[in-house]
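To start, the structure itself, in structure tokens.
The values are calculated or read from the model by the stated rules, or taken from the named source; none is laboratory data. A quick note: this is a predicted structure, and the numbers were derived from the prediction, not measured. Cβ: placed from backbone, ideal geometry, glycine included. Neighbour counts: every protein chain shown. Just the protein is used for accessible areas: all its heavy atoms, side chains included, with ligands, DNA and RNA removed. Shrake-Rupley method; radii C 1.70, N 1.55, O 1.52, S 1.80 Å.
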Amino acid sequence: MLLHDTALIFGRYARQTLRSRFAMLFGVLTPLLYLLFFGPLLTDLPLASRGSSWQVLVPGLLLQLGLFGAAFAGFAIIIEKNLGIVERMRVTSVSRLALLLGRVLRDAAVFVLQAVLLVLAALAMGLRAPLAGILIGFAFVALLTLSLASLSYALAMKVPTPQEFGPAINAMTMPSMLLSGLMLPMSLAPGWLDVLSHFMPFRYLVDAVRDAYVGSYATAHMLYGVLVALGLTTLSVTVGTRVFRTAGA
């Protein structure tokens, strides 16, 4: 029943996405601009211990894609909620977990596709990384999307207008980007900033993907990254499902 309901909701939103291919492709534009205009600036930096500049930058851009894209996913549900679509879905027999999973799995599929396009562009610009590492990077993008999209939908169910939702998301995403080392490894930062960044969960995902891109899989970074990603996903989906069950009740 859960699988059927999830597939039903996923199909509904996947069809919406396919009708807006331009918006789907436009989402990868910002990471591409970073790739084109920021990547060349890293060439002479002391990054040898973490691989080439592309092996440092591309993993960060992949997770940036998931961070910003998934965090703002809740805007769509605010519109649906105000139009009464969400409430009509909730009074049906469809599983509340499926109402959430169908949406976040669609989001994960979209952002993994955008990640593939980003990696193809990076390969054309000089990125060299093992296939296994690239695939691991896509898996982390999917998990990050599931986590943040779940929390985004949960927050969107609680706030009435986009004017309240937007600032709250910005307050979360900007510190996350600056303290997780998306653009540059936090090991290059002053000691106090490096210590502070360890309290940011996304740092562990970034470090894990960077290890994967240089072919290092059995590392502490990879272990911590997997544990944090799985834990965050489990917690976020649980919170999101609970909100779908109780919001407005």
Quiz item: How much accessible area does TRP54 have with a 1.4 Å probe, in Å² rounded to the nearest 10?
Solution: 30 Å²
Self-check item: For the range 132-161 versus the range 51-73, the gap between their alpha-carbon centres in whole angstrom
Solution: 13 Å
Quiz item: So for the chain, taking the charge dipole from beta-carbon charges (+1 Lys/Arg, -1 Asp/Glu), which of TYR204, LEU117, ALA189 sits furthest toward the positive end?
Solution: LEU117
Practice problem: Just subtract the alpha-carbon distance of LEU188 and ILE85 from 0.36 nm times their residue separation and send over the number in nm, one decimal. | Solution: 32.3 nm
Practice problem: Between beta-carbons, use under 15 Å as the cut-off and find the net charge around VAL195, counting Lys and Arg +1, Asp and Glu -1. | Solution: -1
Quiz item: Computed over the Cα atoms, what is the radius of gyration of the range 197-243 divided by 2.2 N^0.38 Å, N being its residue count?
Solution: 1.29
Exercise. Calculate the spin-label point distance for ARG15 paired with LEU32, positioning each point 7 Å from the Cα along the beta-carbon direction, and give it in nanometres.
Key: 2.9 nm
Quiz item: So what's the angle, to the nearest 10 degrees on a 0 to 90 scale, between helix 53-71 and the longest Cα principal axis of the chain?
Solution: 10 degrees
Quiz item: What angle do you read, to the nearest 10 degrees and between 0 and 90, between the alpha-carbon axis of helix 220-246 and the longest principal axis of the chain?
Solution: 20 degrees
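Report the Stokes-Einstein translational diffusion coefficient (µm² s⁻¹, integer) for the range 96-153, Rh taken as the Kirkwood radius over Cα pairs, at 25 °C with viscosity 0.890 mPa s.
200 µm²/s
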Self-check item: Rg in Å to one decimal, and Dmax rounded to a whole Å, for the chain via C-alpha atoms
Solution: 18.4, 59
Self-check item: the chain, accessible surface, carbon-and-sulfur percent (1.4 angstrom probe)
Solution: 72 percent
Self-check item: Student exercise, the chain dipole from Lys, Arg, Asp, Glu Cβ charges, in Debye to nearest 20
Solution: 760 debye
Quiz item: Hey, what angle do you get for helix 162-179 against the long axis of the chain, alpha-carbon based, 0 to 90 degrees rounded to 10?
Solution: 20 degrees
Quiz prompt | Where the chain is the region considered: accessible area per residue in Å², 1.4 Å probe | solution = 47 Å²
Quiz item: Cα gyration tensor of the range 75-202, axes a ≥ b ≥ c as square roots of the eigenvalues: rounded (a/c below 1.5), prolate (a/b > b/c) or oblate?
Solution: oblate
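About the Cα centre, and with charges only on the beta carbon of Lys, Arg (+1) and Asp, Glu (-1), how big is the dipole of the range 58-182? Nearest 20 debye, please.
Numbers: 8 positive and 4 negative charges, 44 e Å.
Around 220 debye, computed over the range 58-182.
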